[in-house]
Every structure is written in C-alpha cells, then in structure tokens.
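All remarks here apply to the structure that follows.
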Amino acid sequence: MDSMAVKKKPSSSCTAVAPSSTANLGPGYDVFGLALDARYDRVTITKRAGKDSNITIKMSDGAIPSVPESNSAGLVIKKMAQDFSITDDLDIVVKKGVPAGYGMGSSAASAAAAAVAFDGLYKLKLDKNRLVEYAAEGEVASAGTRHYDNVSASVLGGFIISSVGQDGIRFIRIEPPKDLFMVVAVPAIPVPAKKTEVARSVLPREVPLKSAVHNVSGASTLVAGFALGDVEMIARGIDNDVIVEPARKHLIPGYDSVRKNAFAAGALAVTISGAGPSVIAFLKGKTKRKQVIKAMEAGFMEVGIKCQTFACGPSKGARIVV
C-alpha cells in the first residue's frame, strides 16, 4: 500500500535578501539613502494548503512583532496579496541580520526582502519603482507612516534620491564610486520603542533661511560627488548639515568624541546614520578602516559605552537567493 501512496508536491516558496542602509547622509533628510553591503535580512515566503489568506510569521528575533499587521514584512505581503487578489495561505520566515532600532534601516530591509520575495514567488515582474512603493508599506509598522529613503536603498542598491513631484515620487539611482567605503559604529545603548518618532520630535519646526540654503548647498555637493564618482566631494556634502545633526546629536552619548576621533584617524566625513544612534564615517578606500574603527570605539568608550563596528562598501540591493 505504501508504494501506492501519492507523494505531496513540495510547497512553492521564494527567498530574498535585502541589505541594511543609511539614510539622510547629512543634509539629505528623508531624501537620500545608501545601501550598505554589511548586514542583511532574509525573508522566505512559502505557499501552503488553503485559500483563506492566512499569514503566519516566524521571526529569528523575538523582539520583533510576529503579528502581520505589526510587522514590516507582514504589512508588505498583506498589501501585495490584496492588490493582486491572491488568497493563498502563506508562511513567512524572517531572519534578522540588521539590528532593529539603530539607524540602519532594519524595518526597511525586512520590507524590501518581503516585496522582492513576493514578486518572485508569484512571478509578478513588477518594476523597481513599484517594488519600492510596496516596500514602503512596511515602514508604517515601525514609523507610523511611509518612508522611502531606507527602503529605496534596500530594494535598488547604491545611492538613491527620492524625488517628489506633482506626478508622485520617483527614485533616482546613482552607482557609488568604487573607492567609497564606510565604517559604522553601533553603540550598545537602549533605544526607545518609538525611536524614530523621538528622533523626529527634537527637530526644529522652523529653520532660518541661511540654514536651509546651507543644507541645500551640501545636498547638491553630495549628489554631484556621487554623479562624478568623487569621494572627497561626497564627503564635503555630507559634512554640510547644520539642521538635523545639531538637533539630534545629544541623543547619542559620546557623539562629539566619536566624530572627532574618526576624523583624526582619517575619515573624510562623519554623521548620524538615519535617526541614530549608529554613527557612520566615510572613507576613500579601505586603507584606514582599522584605524577609524578603533578611533570610533575609543570615542564611545570615553563615555563608558561599548559598540559594535563594521566596515563595508555600498550594496547592490535586494535579490532573490536559491
């Protein structure tokens, strides 16, 4: 009888990975994003028997919500399933590689991987802009609203400008120079549950015209640097933020020391990664990365804080893996 048993076909599934990212890059608040080839989130979506639109989520990190409505990957998948009238029951496994709440686009990485995996599973062949739009749905889980800077970088890779116009939002990708290198220091400090909201609450509601002009100049220089492949020019642009960094740096103990030490060790620019508390330094090439790592660690230790550090180049973005 066993020889007559019908074997069940394996469930259809798709796995995608998406990178960490840094947003703002100094003067580019809510506009600029850069994918980092360092930490990655992995999302696997598997179809199972049933047509009740039931979604289950298994997380590698117990601190991340596993309820679809409160999970960045779950929100993306629910929205895409609804828009494409897909009623399959789905199992989602999210393996976190990007630390949550530290300014490295953790929720964006999960959302980006979920969008790419869903697109691959159902062979939707969506264009990149639509994938970013869907990935942005996941930011509602962590930030309460859509944000495009991190998700666009995680999906598309490279340096991304989120361009808002009367016809909606578009994403401009520029390939970073090959000699652009970053060192990220992630301090071991507690972060509030609504860290992004806290970081936004300290920003000024109004800024002097002189400050706005200063930041526009820095942002323009930064974009020109990416377009020309000039790391020094990119660094000059990053270091021209007189609005966001001064308002937020008090949220990061030891920030001034970390910044000063990184410059002394050879960094060309230093700024807060996204909403923090991670701090990111920009270098030309890899030769000084070890010195910068030690210098940033020493800066945090001046206030009794340990940190994890890593060096990386830019990432190519989210991709399907076998």
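The values are calculated or read from the model by the stated rules, or taken from the named source; none is laboratory data. Every value quoted in this text rests on a predicted model; they were computed, and no experiment measured them. For neighbour counting, all protein chains shown are included, and Cβ atoms are generated from backbone atoms with ideal geometry for every residue, glycine included.
The table below gives the values:
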read-out	value
Count - residues of the range 83-132 that are part of a loop (DSSP other than H, G, I, E, B) and not hydrophobic (A, V, I, L, M, F, W, C)	14
Test for Val116: is it buried (at least 24 other Cβ atoms within 10 Å of the Cβ), in contact (Cβ under 8 Å) with a residue 24 or more places away in the chain, among the β-branched types (Val, Ile, Thr) and over 15 Å from Ser315 (Cα atoms)	yes
Total residues in the range 47-61, condition assigned to a strand (DSSP E or B) and either at pLDDT 95 or above or farther than 30 Å from Gly158 by Cβ (or both)	5
Residue ID - modelled with the highest pLDDT, chosen from residues in the range 132-146 that are of a type outside the set (Val, Ile, Thr) and surrounded by fewer than 24 Cβ atoms within 10 Å (Cβ to Cβ)	Glu133
Residues located in the range 106-131, provided they are over 12 Å from the mean Cα position of the chain (by Cα) and closer than 17 Å to Ser20 by Cα	Ala114, Ala115, Val116, Ala117, Leu131
Test set (1) in the same structural domain as Ala219 (by TED's automatic domain parsing); (2) surrounded by fewer than 18 Cβ atoms within 10 Å (Cβ to Cβ) - Val292 fails condition number	(2)
Check on Arg170, over 17 Å from the mean Cα position of the chain (by Cα) and farther than 25 Å from Ala281 by Cα	yes
Qualifying helices (runs of 4 or more DSSP H) (wholly inside the range 243-312; at least 3 residues being over 22 Å from the mean Cα position of the chain (by Cα))	255-264, 289-301
Which listed residue is in contact with a helix residue (DSSP H, G or I) (Cβ under 6 Å, 6 or more places away or on another chain) and more than 30 Å from Met233 (Cβ to Cβ), from Arg130, Arg146	Arg146
Of the criteria (1) under 16 Å from Ala23 (Cα atoms); (2) in contact with a Phe, Trp or Tyr (Cβ under 9 Å, 6 or more places away or on another chain), which one Met233 fails	(1)
Hits in the range 158-201 - residues which are over 29 Å from Glu133 (Cβ atoms) and surrounded by fewer than 17 Cβ atoms within 10 Å (Cβ to Cβ)	Lys178, Asp179, Ala188, Pro190
Considering residues of the range 206-236 that are surrounded by 15 or more Cβ atoms within 10 Å (Cβ to Cβ) and outside any helix (DSSP H, G or I) only, the residue modelled with the lowest pLDDT	Val207
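Yes or no, residue by residue, for (1) polar (S, T, N, Q); (2) farther than 22 Å from Leu228 by Cα; (3) touching a strand residue (DSSP E or B) at 6+ places or on another chain (Cβ under 7 Å):
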residue: Glu139; (1), (2), (3): no, yes, no
residue: His147; (1), (2), (3): no, yes, no
residue: Ser152; (1), (2), (3): yes, no, yes
residue: Leu156; (1), (2), (3): no, no, yes
residue: Ser162; (1), (2), (3): yes, no, yes
residue: Asp167; (1), (2), (3): no, yes, no
residue: Arg173; (1), (2), (3): no, no, yes
residue: Pro177; (1), (2), (3): no, no, no
residue: Val186; (1), (2), (3): no, yes, yes
